[in-house]
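A.B. asks: Sharing a structure with you now.
Quick note: the coordinates plus some simple rules give every number you see, no bench work behind them. Fair warning: this is a prediction, and the values are worked out from it, not measured in the lab. Every residue, glycine as well, gets a Cβ built from its backbone with ideal geometry; the counts of neighbours run over all protein chains shown.
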Amino acid sequence: MKIGILQTGHSPEDLFGPFGDYDGMFRDMLAGHGFEFQTWAVVDGIFPESATEADGWIITGSKHGAYEPHAWIPPLEDLVREINAAKRPLAGICFGHQIIAQALGGKVEKYSGGWAVGQVTYEQDGKALTLNAWHQDQVVERPEGARILGGNEFCENGILAYGDHIISWQPHPEFPNGFVGGLIEKRGRGVVPDALLEDAATKLETPNDNLQIATFLAEFMKKERT
């Protein structure tokens, strides 16, 4: 099965060496499940010709806002709608979560409640999941037909599903704890409140549930659909 990675941002240059770029994190996350991967750096204007160029799709995170006036965002929204119409499996993470919702009629904005940074607990299907987050933007209005699979008090629309072929997470199950530690030092200072960064730094040695989501996502991509 071929997974197309729609890359909407790049890892900070000073973290690229130890952790790689965002598309590589998804390749690592899903390693061992028999997938073939191809990346299209849509953030750089590189797009697939159609939704049929991959059997399933992933949209990565980004430093950009889904509502920002970048030239690559409208064609990405068109591609999301094409993938949805074709009923190809699609997963979105953070920015990917937001752009899917926006493309399908929802609303994304900077959340008045502030930032979520580092390990956060979400409920998915009645089970607690600890995943790394790094966001201020949120889906504040769900598209018609979107179902909440999980979330928390801070982020109600934390995990959304559409039909049986689209799922999206606001947190980052592809981020290892060490990468979050790098973000705290390289990207967070002066942007995210110090108290949030300091709290997140205390949890860098705490296990997360990335592996559980990796297994869930692999099964989601492979499952038979009518």
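A.B. asks: Quick one: work out the % antiparallel among DSSP beta bridges in segment 2-222, nearest 5.
C.D. replies: The antiparallel proportion sits near 60 percent.
A.B. asks: Right, something else. Over segment 2-222, what is the mean sequence separation of C-alpha contacts under 8 Å (at least six apart), divided by residue count, expressed as relative contact order in percent?
C.D. replies: Computed value for segment 2-222: 19 percent relative contact order.
A.B. asks: When the Karplus curve 6.51 cos²θ - 1.76 cosθ + 1.60 is applied with θ = phi - 60°, which whole-Hz ³J(HN,Hα) does each residue of segment 194-206 get, with x for Gly and Pro?
C.D. replies: Once rounded to whole Hz, the list reads 4, 4, 5, 5, 5, 5, 4, 5, 6, 10, 5, 9, 7.
A.B. asks: Further, regarding this structure: Segment 173-221: which GluC sites (Glu not before Pro) are DSSP loop and have at most 10 other beta-carbon atoms within 10 angstrom?
C.D. replies: 205
A.B. asks: May I pose another question? Using Cβ contacts closer than 10 Å as the measure, can you line up 33, 97 from fewest to most?
C.D. replies: Working: 33 15, 97 29.
The order, fewest Cβ neighbours first, is 33, 97.
A.B. asks: Hey, rough spin-label estimate for residue 125 and residue 64, points 7 angstrom out along Cα→Cβ, what's it come to in nanometres?
C.D. replies: Going by the 7 Å Cα→Cβ label model, 3.4 nm.
A.B. asks: While we're on this one: Of the residues 60, 52, 206, which exhibits the maximal mean-square fluctuation in a Gaussian network model of the chain defined by a 10 Å Cα contact cut-off?
C.D. replies: Of 60, 52, 206, the most mobile in the Gaussian network model is 206.
A.B. asks: Residue 92's amide H: which non-local residues (gap 5+, or another chain) put their own amide H closer than 5 Å, with H modeled 1.01 Å from N in plane and none for Pro or chain starts?
C.D. replies: For residue 92, whose amide H was placed from the backbone, the distant partners under 5 Å are 59, 167, 168, 169.
A.B. asks: Under the Karplus relation 6.51 cos²θ - 1.76 cosθ + 1.60, θ = phi - 60°, what is the ordered set of whole-Hz ³J(HN,Hα) values for segment 9-24, x standing for Gly and Pro?
C.D. replies: With coefficients 6.51, -1.76 and 1.60, one gets x, 10, 4, x, 4, 7, 10, 5, x, x, 10, x, 8, 4, 5, x Hz.
A.B. asks: Continuing with the same structure: Anything over 26 Å Cα to Cα? Flag those among 63/107; 110/186; 87/107; 110/222; 87/110; 110/223, in the order listed. All intermediate terms of the calculation are to be shown ahead of the outcome.
C.D. replies: On the way: 63/107 18 Å; 110/186 21 Å; 87/107 22 Å; 110/222 34 Å; 87/110 30 Å; 110/223 34 Å.
Pairs exceeding the cut-off: 110/222; 87/110; 110/223.
A.B. asks: Using just the helices of the chain, give the 222 nm mean residue ellipticity in deg cm²/dmol: DSSP H runs with n ≥ 4 each add -39,500 (n - 2.57), and the total is spread over all residues, rounded to 500.
C.D. replies: Value at 222 nm, helices only: -8500 deg cm²/dmol.
A.B. asks: Arranged by the count of other C-beta atoms within 10 angstrom, fewest first, what order do 67, 22 take?
C.D. replies: By the 10 Å Cβ count, ascending, the order reads 67, 22.
A.B. asks: Also, quick follow-up: Loop only per DSSP, at most 15 neighbouring Cβ atoms within 10 Å: give me the trypsin sites (Lys or Arg not before Pro) in segment 75-129, ordered by residue number.
C.D. replies: For trypsin sites (Lys or Arg not before Pro) across segment 75-129 that sit outside H, G, I, E and B with at most 15 neighbouring Cβ atoms in 10 Å, the list reads 87.
A.B. asks: In the chain, how does Rg compare with the Kirkwood Rh, expressed as the Rg/Rh ratio over alpha carbon atoms? Walk me through the numbers before you get to the answer.
C.D. replies: Working: Rg = 16.2 Å, Rh = 17.4 Å.
With Rg and the Kirkwood Rh in hand, the quotient comes to 0.93.
A.B. asks: Using the Karplus equation 6.51 cos²θ - 1.76 cosθ + 1.60 (θ = phi - 60°), what ³J(HN,Hα) coupling, rounded to whole Hz, does each residue of segment 95-100 give in order, writing x for Gly and Pro?
C.D. replies: 4, x, 4, 6, 5, 4
A.B. asks: Near the amide H of residue 141, under 5 Å away, which other amide H atoms are found, from residues 5 or more places off or on another chain, if H is placed in the peptide plane?
C.D. replies: 107
A.B. asks: Separate question: Please work out how much length the chain gains when fully extended from residue 153 to residue 187, using 0.36 nm per residue of separation minus the C-alpha to C-alpha distance, in nm with one decimal.
C.D. replies: Full extension of this stretch gives 9.7 nm more.
A.B. asks: List 155, 94 from most exposed to least, where exposure is judged by having the fewest other Cβ atoms within 10 Å.
C.D. replies: Ordered by Cβ neighbours within 10 Å, fewest first: 155, 94.
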